[in-house]
Amino acid sequence: MALDVSPPSEKLLRPRTDKPFQGGLPSRRVHKPTVRFLGGVREIGGNKILIEDGADRILFDFGPSFSPRAEEFYVDYLQPRSTSRAKDLLEFDLIPRVPGLYSREALGDGDLPYTPPEVHGIFVSHAHADHAGYLDLVDPEIPVHVGEGTRTLLSAIETSTRMKYGDHPWRVFQDRSVVRVGRIEVVPFPVDHSIPFAYGFIVRTSEGTLAYTGDFRHHGPRAADTHAFFAAVAEEKVDALLIEGTRAGPDPRRNLSEAGVRSGVDRVLKERSELALACTYPRDIDRLRTLHAAAVEGGRELIVSVRTAHLLTQVAPRFAPGEIPLPGKTAGIHVYARKKRVSYLWERPYLDSALTASEVRDRGRKYLLALDLAHFPELIDLRPPKGSPFIHSMSEPFSEDDVDDKVMHNWLDHFGLEFHQMHASGHASGSELLELVRATGARTVYPIHTEHPEAFEKAGPSVRLPELGETYLIAR
Ligand SMILES: [Zn+2]
Ligand SMILES: [Zn+2]
């Protein structure tokens with residue numbers, strides 16, 4: 001297969017624009033199948049990949065990115081109005097101006113008028129917010145395709161947080177089974193990531209095929225799934241590979257494998273006899289399994305939040321019996337009772353047997369407590385002895401002026417807790433990415449979900465840096 005060694009087109013040399021969607025989608029339809037990147041370009045998260053084949057249009061992923069631009073207008077305390085979310089986001093071009101995508105309600109009386117659906121399906125690679133967090137803006141007539149586990153995770157998150165995904169015709173796909181939307185065929189493949197039920201896809205159009213990786217790693221418990229996906233991509237001889245590159249380019253952050261995290265936690269629990277604390281991502285079920293196994297091995301019990309207990313209970317049927325620890329069913333796992341004025345209905349099943357701060361304080365050496373940063377005020381009641389270990393099992397901050405990180409260290413210093421960094425990323429490393437790109441032999445490679453797409457250029461001339469909103473032929 002000939003490689004494209006043509007010099008970058010003028011388009012690629014054009015400076016990036018901050019308002020790429022002002023004109024909307026072009027009315028002239030290109031009839032050869034195309035791919036267009038409406039998000040996830042030079043930013044981590046926010047992938048919005050539009051595939052068009054004649055009149056058939058599908059979208060892969062639809063959530064907010066983690067780029068600083070996303071926080072220029074809306075921050076924690078200042079959010080779009082729930083009565084007109086799309087209108088309020090479109091005001092600052094924070095979502096693409098795509099006709100026939102948003103719901104009448106989300107558009108409100110904004111300047112993008114409501115029109116009937118022109119997108120015929122949205123495929124969600126996994127349940128992380130940067131891939132699914134804008135589904136609530138979508139026209140309720142557009143089908144949303146997800147894995148069964150992702151559907152369960154999304155509804156558990158909806159019940160236990162303020163996150164909403166809207167009403168849709170939910171279509172559950174099966175691993176490696178073809179889903180047809182008009183002329184387009186989509187084959188979902190499970191991959192290893194820091195949330196279970198993550199998928200990559202092979203997409204076949206009337207002219208050309210592509211693969212979209214979603215987010216992935218191959219140093220976690222489901223590494224074999226990632227290998228099988230990339231083997232299928234190589235076998236398919238895809239025209240285009242859309243690959244995530246979260247860790248491409250300079251990344252000084254330390255990274256362990258999941259097994260490495262386990263041995264690190266084992267060591268800390270063995271060395272220390274005080275209450276041990278840990279902080280993890282709330283939906284990283286692999287990490288919860290690791291912490292539970294380490295706690296049991298060290299003669300302790302893991303204590304999780306009510307929200308984590310709810311999530312584990314909801315997703316349990318999607319796992320083999322005994323595969324994930326369940327409060328009330330599995331030995332060595334308990335629920336922590338935070339002091340709260342009101343409890344929600346979904347919290348109640350866990351509260352009777354939940355442990356209070358004084359119970360945890362009195363038998364501290366018997367426990368490993370998973371405590372979210374947002375729940376740090378509990379430390380005022382828990383009063384862990386000075387020098388108690390705190391295991392930060394999340395990624396290190398991106399920048400040195402990370403506010404959350406400073407606040408966390410202020411608390412740790414105040415209580416004299418001993419800090420341990422132990423994390424296995426949800427993403428493949430820069431060198432692993434280059435190796436995979438070379439191994440797939442894709443004709444064109446588009447790095448997305450990365451701040452450093454140019455780091456992929458080392459993989460060879462097939463790499464093409466995508467531009468936001470630009471249209472590319474799938475088969476070239
Ligand atoms: Zn992501
Ligand atoms: Zn993710």
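The values are calculated or read from the model by the stated rules, or taken from the named source; none is laboratory data. This is a predicted model, so every value here is computed, not measured. We place every Cβ from the backbone using ideal geometry, glycine too, and count neighbours over all the protein chains shown. These area figures cover heavy atoms from the full protein model, side chains too; ligands, DNA and RNA do not enter into them. Shrake-Rupley method; radii C 1.70, N 1.55, O 1.52, S 1.80 Å.
A few comments on the model shown:
- Positive-end extreme of charge dipole, the range 164-303 - chosen from Phe216, Thr226, Ala293 (charges on Cβ): Ala293
- Between the range 375-393 and the range 151-171, the Cα center-to-center distance that results, in Å: 32
- Cα long-axis angle, helix 223-236 against the chain (0 to 90 degrees, to the nearest 10): 10
- The range 430-476: C-alpha gyration tensor shape, a/c 1.5 cut-off, then a/b vs b/c: oblate
- Normalised contact order of the range 217-335, rounded percent, pairs of Cα under 8 Å and 6 or more residues apart: 20
- Computed FRET value (nearest 0.05) for Lys32 with Lys329, which takes r as the C-beta separation and R₀ as 60 Å: 0.65
- Two-site FRET efficiency, Thr83 against Ala320, from Cβ-Cβ distance with R₀ of 30 Å, rounded to 0.05: 0.10
- Cα-based shape type of the range 203-261, given that a ≥ b ≥ c are square roots of the gyration tensor eigenvalues and the cut on a/c is 1.5: oblate
- Compactness of the chain, expressed as Rg and Dmax over alpha-carbon positions, Å: 23.0, 70
- Set of lysines with alpha-carbon distance to Lys406 below 17 Å, sequence-local pairs under 8 removed: none
- Gyration tensor verdict on the range 192-340 (Cα atoms; rounded if a/c is under 1.5, prolate if a/b is larger than b/c, oblate otherwise): prolate
- Rounded to the nearest 10 degrees, the angle from helix 148-160 to the longest Cα principal axis of the chain is 60 degrees.
- For the chain, the relative contact order comes to 19 percent (Cα pairs under 8 Å, sequence separation of at least 6).
- Residue pairs exceeding 27 angstrom between C-alpha atoms, taken from Lys87/Lys339; Lys164/Lys329; Lys48/Lys340; Lys270/Lys386; Lys48/Lys164: Lys87/Lys339; Lys164/Lys329; Lys48/Lys340.
- Ignoring aspartates and glutamates fewer than eight residues from Lys458 along the same chain, the ones with Cα atoms less than 18 angstrom from its Cα are Asp4, Glu244, Asp251, Glu432, Glu435.
- Straight-line cross-link partners of Lys366 among the aspartates and glutamates, defined as a Cα under 15 Å from its Cα and at least 8 positions apart when in the same chain: Asp266, Glu271, Glu274, Glu297, Glu301.
- Taking 0.36 nm per residue of sequence separation and removing the Cα-Cα distance, the Lys270/Arg180 pair yields an extension gain of 27.1 nm.
- Surface analysis of the range 193-345 yields an accessible area of 40 Å² per residue, using protein heavy atoms and a 1.4 Å probe.
- Gain on full extension, evaluated as 0.36 nm per residue between Arg348 and Asp372 minus their Cα-Cα distance, stands at 6.7 nm.
- Distance from the Cα centroid of the range 398-453 to that of the range 250-293 is 16 Å (rounded to whole angstrom).
- MRE, 222 nm, helices only [DSSP H, n ≥ 4, -39500 (n - 2.57), over the chain, to nearest 500]: -7000 deg cm²/dmol
- About the centre of its Cα atoms, the chain shows a dipole size close to 700 debye [charges on the beta carbon of Lys, Arg (+1) and Asp, Glu (-1) only; nearest 20 debye].
- In terms of the mean number of neighbouring beta-carbon atoms within 10 Å, the peptides 134-140, 156-162 order highest first as 134-140, 156-162.
- Angle between the chain longest axis and helix 430-440 axis [Cα atoms, degrees, rounded to 10]: 40
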